Structure formats: C-alpha cells, structure tokens
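Worksheet: one structure, shown below.
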Amino acid sequence: EDPSSSSSTQNSVAPELPGFYYDPEKNRYFRLLPGHNNHNPLTKDSIQHKVMECKRLRLLEEEEKQNQKTTRAGLNSSMLLQKRQLGLLNSTSYCRLVHELKVNCMQRRKIEIHSPDSSVAGTNNFKIIVADVACERIFTVNDVEHGGCKYGIINLSGLGKESLTVEMYDNLYFTNRKVNSVCWASLTHPDSHLCLMGIAETPGCASLLPASLFSSTNPGDRPGMLCSFKISTAWSCAWCLNPQADNCFSTGLTRRVLVTNVVTGHRQTFGTSSDVLAQQFATQTPVLYNGCRSGEIFSIDVRQRNRKGQSWKAIRLFHGSAVTSVHLMEAEHYLMAADMAGKIKMWDLRTTKCVKQYKGHHNEYALLPLHVNEEEGLLIAVGQDCYTRIWSLQDAHLLRTIPSPHPSSKDAIPSVVFSSSLGGSRGVPGLLMAVKQDLYHFSYN
C-alpha cells in the first residue's frame with residue numbers, strides 16, 4: 001500500500017481547493033502556508049508527515065496483534081501441504097511459497113547490546129550495518145553527537161539464546177569524515193579487513209582497516225591501517241574475490257573509477273562521464289559493474305589497460321535516474337539495480353534487457369542498498385519513507401511492508417541485514433534492523 005494513498009481517499013470525500021487543506025476529522029478547510037512556518041506549521045510537508053505517521057502507527061498496531069494479511073489469496077500452511085501431497089506443487093514452488101509464509105509471520109523483538117565499554121552500547125545512532133559473508137559479524141557505522149562517525153563490530157553468536165543479546169566491540173578513535181560506503185575485504189583470510197569510503201569537505205579518504213582492530217583487548221597489539229589515501233569525493237567501494245585480480249578493491253569517485261592493489265600499490269584509473277554511486281565485482285571473472293548518477297550501468301574488465309581513445313566499457317544498461325545500488329546474481333547472468341526514482345529492475349546481462357520490475361520502493365535522493373537472498377528467493381530494500389519491503393524474486397510480488405519502530409525522518413532510515421543463519425552456520429534465521437540507537441531481530445521460523 002502506498003503511504004500517499006490516504007490523500008486520494010481524502011480528495012474523494014471533499015473537493016480539492018488550491019491553497020487549502022481539508023481536514024476530514026474537523027470537516028473543514030484550512031489555508032495552506034507556503035514553505036515552512038514555525039508559528040503555524042500547517043504546510044504540505046507537515047500534513048504529509050502526519051498522514052504517514054498515522055499509517056505507520058496503524059501498521060505497527062496490526063503487527064503487534066499479529067494481524068498479518070496473507071500475501072496471496074488462499075495461501076496458508078495447511079493449503080500448501082495439501083497441494084504438495086496431492087502433487088499439485090513441485091518442490092521448488094512449495095519451498096518458495098513456504099518462504100513467503102515465513103516472511104509474513106516474522107515478529108519483531110528488540111536485541112540487547114552488550115559491550116566491554118559501557119559507554120559504547122546504545123549511545124549513538126546506527127547509520128550503516130554490513131554483514132560479513134558468513135553473517136557471523138556485522139560492521140557498524142554510527143553517527144556521533146559532535147559530528148563524524150564511529151566504527152564497531154557486533155558479534156551475532158548470542159542471537160541463538162532466548163535473551164537475544166549480542167556483543168559489540170568498538171575502537172577508540174573517531175573520524176570527522178562522513179562514511180558513504182563500506183564493504184568487507186578478504187585479504188589474509190575471509191573477511192579479514194574492511195574498506196571504508198569517507199568524505200570531508202575536501203578531500204575524501206579511502207581506508208582499509210583490519211577487522212582484528214575491533215577484537216584486540218590490548219591497545220598495544222592493535223594493528224594499524226593497511227591502506228589509507230586521500231582522493232576526490234568517494235561514493236562507493238567493492239572488493240574483488242576473483243584470483244585474476246587478487247588483493248584489489250575499487251573506489252567509485254566523482255567521474256572516475258579507481259582500482260587499487262593493496263599489496264603492490266598499483267592503481268588503475270578509468271574516467272567516466274558521471275559520479276559512480278554503486279559498485280560490485282563479479283566472482284567468476286574480474287569484471288566490475290558500476291552504477292552512475294547519470295543512470296548508466298556499465299562493466300569494466302580490470303585486466304585490460306586503460307588507454308586514451310580506447311573504449312573499455314563492456315555491458316551498458318540505462319536507468320532513467322541515478323543508480324544507487326547494483327547486485328549481481330549468483331549465476332552472473334542477471335543484475336539487480338535500484339535508482340533514485342524508486343525503480344528496482346532485474347536485467348538480463350546476455351540480452352541487456354530488463355526482464356522484471358519490483359514496484360513499491362520509495363526513493364528520491366538517498367543512497368539505499370538492495371539485499372538479495374537467492375536461497376529463499378527474496379529481495380529486500382528499505383525506502384526513503386523508512387518502510388522495509390520484501391518481494392518475491394521470481395514474480396516480483398510484494399510480500400510484506402514493515403513499518404519502522406521509530407517515526408520516519410531523514411536520519412532514521414533503517415539499515416537491514418537478512419540471512420538464514422545469523423551468527424554463523426548454526427545461527428538463527430531472520431532479519432536484523434538497526435534504527436536510531438536500537439537493534440531489532442525479526443525471527444524467520
């Protein structure tokens with residue numbers, strides 16, 4: 001359901017008059033003031049915020065009462081089992097529909113965060129959370145009150161307990177730079193380091209931090225940064241797991257792409273006509289996919305040398321708005337992409353055609369990621385309106401819309417992680433949601 005749908009209901013009750021707002025509760029018109037006014041806050045923005053907040057509270061109340069509607073007509077566990085026993089559903093369809101039922105039944109529980117330093121847990125707002133490959137740990141970027149960011153790592157092994165507790169480890173230094181993008185890097189062993197892209201006023205900074213920095217108890221044993229250099233404004237980053245481009249990470253900058261080998265220090269620069277806001281490496285080949293502010297998506301084979309006058313762009317796709325996230329599917333035949341017009345598309349890289357669109361996502365200007373879980377057949381994205389939406393990968397059906405536990409605002413957009421094994425191979429399945437200073441778990445049973 002679109003949060004703006006209530007405005008259409010309002011207009012059907014009373015005719016719309018230019019410059020006036022009709023309040024259905026008071027059954028009268030009020031004059032709208034242009035822009036923002038502190039003395040009389042009756043503006044279009046305040047009205048829209050009030051409508052959205054009422055909808056959010058209503059959805060939260062329905063969730064607390066476990067009043068979840070079925071995602072499809074006639075979809076329930078007994079009906080699924082009956083169709084399976086009668087041979088009307090094959091194994092693939094049965095498993096996919098079971099996952100849809102699980103998504104619909106997820107319930108929110110708050111997680112208690114413990115830390116060796118009592119001043120760390122629950123004191124700063126979460127901005128970004130990123131899980132490692134095994135989902136044993138999540139790296140956190142937190143906004144601090146006096147400006148800048150603070151980093152930490154949360155160990156998810158405690159999620160298997162009834163108390164739902166996690167351990168958070170925090171380093172002792174801050175940065176005055178805004179962190180735009182984070183990715184895990186496998187240098188000495190899987191998920192051993194972290195790539196961070198940050199910007200200040202001028203210039204930006206790219207850093208490669210060892211993950212052990214957050215687990216060492218003795219400050220004297222803490223390793224330093226492996227790689228740190230100043231660059232122009234950095235928007236995105238990606239680590240390459242293909243052995244033909246070993247120990248390399250890419251940085252999406254203003255009108256260029258920079259690929260750096262952290263061991264040799266060798267760098268390759270590829271000029272672009274637009275800012276590179278999203279990146280991901282393929283694993284089967286050393287090919288880098290880039291999403292740009294212009295709406296273009298293109299790939300680069302990093303084995304080739306960048307020569308003047310030589311066309312190095314391979315696959316090229318086009319969105320109508322700035323591309324904020326790209327995700328390459330496991331078989332590497334399809335690419336998911338999201339943009340600032342709220343469009344989410346699945347592209348067939350062999351035919352360079354859009355084969356599916358996932359409707360309902362909301363975005364106008366934010367750099368918001370996509371989360372794809374192919375094993376469960378789910379696509380997850382958090383919108384600028386602070387709603388977390390889950391779609392079926394197969395037919396693009398919107399399965400569930402989860403309201404934020406906190407009032408919607410620009411600084412309260414949730415950051416999420418979804419996995420069938422949070423905390424490792426023996427972990428618990430579910431959705432993690434970080435909002436403001438809180439961490440929530442939606443159990444996927």
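The values are calculated or read from the model by the stated rules, or taken from the named source; none is laboratory data. It should be emphasised that the depicted structure is a prediction, and the values quoted were computed from it without experimental measurement. Cβ: placed from backbone, ideal geometry, glycine included. Neighbour counts: every protein chain shown. These accessible areas exclude ligands, DNA and RNA; they are computed on the full protein's heavy atoms, side chains included. Shrake-Rupley method; radii C 1.70, N 1.55, O 1.52, S 1.80 Å.
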Exercise for the section: With an 8 Å cut-off on Cα pairs and a minimum separation of 6 or more residues, tell me the relative contact order of segment 109-443 in percent. Expected result: 13
Practice task
Report ³J(HN,Hα) in whole Hz for each residue of segment 294-301, in order, from the Karplus equation J = 6.51 cos²θ - 1.76 cosθ + 1.60 where θ = phi - 60°; Gly and Pro get x.
Solution key: 6, x, 7, 10, 9, 10, 10, 8
Fill in the blank from the handout: Classified through the alpha carbon gyration tensor (a ≥ b ≥ c as square roots of its eigenvalues; rounded if a/c is under 1.5, else prolate when a/b is larger than b/c, else oblate), segment 368-435 comes out oblate
Problem - Whole-Å distance, taken between Cα centres, linking segment 252-290 and segment 388-424 - result: 29
Practice task
From largest accessible area down, sort LEU57, LEU399; use a 1.4 Å probe on the protein chains.
Solution key: LEU57, LEU399
Practice task
Taking H placed 1.01 Å from N in the peptide plane, check which residues at least 5 places from GLU136 or on another chain put their amide H under 5 Å from its amide H.
Solution key: GLY423, GLY424
Problem - Relative compactness, segment 109-443, computed as alpha-carbon Rg over 2.2 N^0.38 Å - result: 0.96
Problem - Accessible area of GLU375 in the full protein assembly, 1.4 Å probe (Å², nearest 10) - result: 140
Exercise for the section: Report ³J(HN,Hα) in whole Hz for each residue of segment 16-28, in order, from the Karplus equation J = 6.51 cos²θ - 1.76 cosθ + 1.60 where θ = phi - 60°; Gly and Pro get x. Expected result: 7, 10, x, x, 10, 10, 9, 9, x, 6, 8, 6, 7
Problem - Leading residue at positive end of dipole, segment 109-443 (Cβ point charges), from VAL133, VAL287, TRP184 - result: VAL287
Exercise for the section: For TYR169, TYR22, TYR365, TYR387, give the ranking by accessible area with the largest first, probe 1.4 Å. Expected result: TYR365, TYR169, TYR22, TYR387
Practice task
Could you tell me the accessible area of TRP312 in Å² (1.4 Å probe, neighbours in place), rounded to the nearest ten?
Solution key: 30
Handout entry: At most 16 other Cβ within 10 Å, DSSP loop - GluC sites (Glu not before Pro), segment 259-362
Key = GLU330, GLU332
